[in-house]
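Asker: A single structure is presented below for examination.
The values are calculated or read from the model by the stated rules, or taken from the named source; none is laboratory data. From a predicted model like this one, the values you see are computed outputs, not experimental measurements. When the accessible area is computed, the model is the full protein with side chains, heavy atoms only, and any ligands, DNA or RNA have been set aside. Shrake-Rupley method; radii C 1.70, N 1.55, O 1.52, S 1.80 Å.
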Amino acid sequence: MIFCKIHDERQNEIQFYAAASERHGLNGNLKVKTRIDKLFAAVKADYPSIFKSSEVVDLNPPVITYIVSQLQMYSLLESDTDIKGRAYEEIVGANLRGDRGEFFTPRNICRMAIEMLDPSENQLILDPACGTGGFLMIAMNHVMQKIRQAEEKKGEVLSA
């Protein structure tokens, strides 16, 4: 569903929505499911290494409608966090992570390390144990914030 939402945000015509009239009753729920199924078909085509062509959104129409209604008010692309990575980390239980050899560095530890390193725009950042990319996302956001602050200071100097 998250991939469908992100795919929809990248398109010109919004399909990831549940109108008030669609939230109650089977026909409305089926309309929402049909739109999500079309979005998921496009997602599968975009990410064949993640999703098999035979995969489907295996949720009941009322559940799909509820999820869509809860997510439709947010922009995942404008979020300063990697929503897919965070969702994966939350969904995969701690016991499964260890069994599969997956260990995620807590975000507060990533933030602390980045603040200590204080990387700048022209520095290269490598994470050999990338995982979901949390460390890299926090580093990128840190650098982008530094660039924004530098641009704002330039604007203040020019206007003074």
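Asker: Using heavy-atom solvent-accessible surface (probe 1.4 Å) with all chains present, what is the largest-first order of Val57, Val63?
Answerer: Val63, Val57
Asker: I'd like the Karplus ³J(HN,Hα) series for segment 137-149: coefficients 6.51, -1.76, 1.60, θ = phi - 60°, whole numbers in Hz, and an x wherever there's a Gly or Pro.
Answerer: With coefficients 6.51, -1.76 and 1.60, one gets 5, 5, 4, 4, 5, 4, 5, 4, 5, 5, 5, 4, 5 Hz.
Asker: Roughly how much of Glu151 is accessible, in Å² to the nearest 10, using a 1.4 Å probe?
Answerer: 100
Asker: Taking square-rooted eigenvalues a ≥ b ≥ c of the alpha carbon gyration tensor, is segment 1-79 rounded, prolate or oblate, where a/c under 1.5 means rounded and, failing that, a/b exceeding b/c means prolate?
Answerer: Judged from the Cα gyration tensor, segment 1-79 comes out oblate (a/c at least 1.5, b/c at or above a/b).
Asker: Ignoring ligands, DNA and RNA, how do Val32, Val143 rank by accessible area with a 1.4 Å probe, largest first?
Answerer: Highest to lowest solvent-accessible surface, that is Val143, Val32.
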